[in-house]
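Heads up, the thing below is written out as structure tokens.
The values are calculated or read from the model by the stated rules, or taken from the named source; none is laboratory data. Note that the coordinates shown come from a computational prediction; the quantities given were computed from them, not determined experimentally. Every residue, glycine as well, gets a Cβ built from its backbone with ideal geometry; the counts of neighbours run over all protein chains shown.
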Amino acid sequence: MAHATGRAYIRREGLPHISCAGCGNGIIAGAMARAFEELGLARNEIVVVPGIGCSGTINRYLNVNYLHSTHGRALAFATGIKAANPALNVVCFVGDGDGVTIGGNHLIHAARRNMGITVILVNNYNYGMTGGQVSGATPADARTSTTMMGNPERGFDICELVRAAGANFVARETAVAGVRLKKRIKEALTNPGFSLLEVMSPCTTLFGPRNGKKTPVDMLRWLKEKALSPEKFAKTENAAAQGYFRVGTLADERADSFSTRYEAMRRRVLDAAGGR
Ligand SMILES: Cc1ncc(C[n+]2csc(CCOP(=O)(O)OP(=O)(O)O)c2C)c(N)n1
């Protein structure tokens, strides 16, 4: 089989893009388009729901249905779409501000419900579009425009959070690993329950220069060095304290989704009412 290009899912009229040099958003969107193609999804079976921010501009470049939602509320809109039409493939494309800071509550409740939604959460370690402010995913001690002396807070472990909240599938990859991203997105889309892929993609314009990564290339090299398989991570002493993180599929369960449970309840009620 020829390699997927994802071209049918890309809206070329949206180009040139507005991302900064070295931004991971293009690589992630490309992996998503190729995953759609390899799964053979029809364009009208897909709804992408971006939030607001740099990551939220993704719909400009996509040739699929989309609902450009409000900041922190992508999961709420996606929940409504999926509940109304469970046959659709619903993909939220959100930043760490959107997904796990202002929108944290929606994220954990969508995971608790095991809504059959795929979330691609682009963790660029800050609020990118508004000037690089600290987010709930900014690592401890990191410098941002609002933590110039270092972040006194700790960032969420987003995968652990979402898994603990009840999601079927959680995975983490980096923006340098396009082929791995495509694989994880395919896994996420084919899981019937809530799926989250966290993509480590630190902002090369605002976060990198403040944190010792002067150029996008420095940042991409750093990502490659710090991403470890769960096995290597477990064998590395003080791995988290040294900035290493786990990549790969971290949980892949098959518990019933909200839609399946809702349908079972509906049938129970109909049966009790004599099949009406
Ligand atoms: C309710 C609300 N609050 C604040 C804003 C302003 N705002 C727009 S984008 C943004 C930050 C986006 O950061 P993130 O979600 O991490 O996405 P990124 O730009 O980093 O991809 C903020 C605070 C808004 N649009 N709506």
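Below is a table of values for the structure above.
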{"read-out": "Single match in 144, 130, 101, 138 (criterion: surrounded by fewer than 18 Cβ atoms within 10 Å (Cβ to Cβ) and within 13 Å of the ligand (Cβ to nearest atom))", "value": "130"}
{"read-out": "Count of the range 149-176 residues which are out of contact with any helix residue (DSSP H, G or I) (no Cβ under 8 Å at 6 or more places or on another chain), aliphatic (A, V, I, L, M) and assigned to a loop (DSSP other than H, G, I, E, B)", "value": "1"}
{"read-out": "Residues (of a type in the set (Gly, Ala, Ser) and either under 12 Å from the mean Cα position of the chain (by Cα) or within 12 Å of the ligand (Cβ to nearest atom) (or both)) located in the range 68-79", "value": "69, 72, 74"}
{"read-out": "Complete set of residues in the range 47-65 that are of a type outside the set (S, T, N, Q) and within 16 Å of the ligand (Cβ to nearest atom)", "value": "48, 49, 50, 51, 52, 53, 54, 56, 58, 60, 61, 62"}
{"read-out": "Qualifying residue in the range 80-94 (condition: over 19 Å from residue 8 (Cβ atoms), within 13 Å of the ligand (Cβ to nearest atom) and in contact (Cβ under 8 Å) with a residue 12 or more places away in the chain)", "value": "yes"}
{"read-out": "From the options 187, 198, 173, residue that is within 15 Å of the ligand (Cβ to nearest atom) and closer than 25 Å to residue 257 by Cα", "value": "198"}
{"read-out": "Scan of the range 104-125 for residues that are within 8 Å of the ligand (Cβ to nearest atom) and closer than 17 Å to residue 70 by Cα, ordered by number", "value": "122"}
{"read-out": "Where residue 224 falls short, out of the listed (1) surrounded by 17 or more Cβ atoms within 10 Å (Cβ to Cβ); (2) not in a loop (DSSP other than H, G, I, E, B)", "value": "(1)"}
{"read-out": "Flag for residue 120 being under 24 Å from residue 201 (Cα atoms), surrounded by 24 or more Cβ atoms within 10 Å (Cβ to Cβ), in contact with a Leu (Cβ under 8 Å, 6 or more places away or on another chain) and modelled with pLDDT of 95 or more", "value": "yes"}
{"read-out": "Residues (closer than 19 Å to residue 201 by Cα and free of Cβ contacts under 8 Å to residues at least 60 places away in the same chain) located in the range 139-174", "value": "140, 141, 151, 154, 155, 156, 157, 160, 162"}
{"read-out": "Members of the range 39-55 that are over 16 Å from residue 86 (Cβ atoms) and touching a strand residue (DSSP E or B) at 6+ places or on another chain (Cβ under 6 Å)", "value": "48, 50, 51, 53, 55"}
{"read-out": "Matching entry among 80, 95, 26 (being of a type in the set (Gly, Ala, Ser) and buried (at least 19 other Cβ atoms within 10 Å of the Cβ))", "value": "95"}
{"read-out": "Inter-residue pairs, beta-carbon under 6 Å, first closer than 25 Å to residue 24 by Cα and in the range 102-122, second away from the ligand (no atom under 12 Å from the Cβ) and assigned to a strand (DSSP E or B), 6+ apart", "value": "117/90; 118/91; 118/195; 119/196; 120/197; 121/198"}
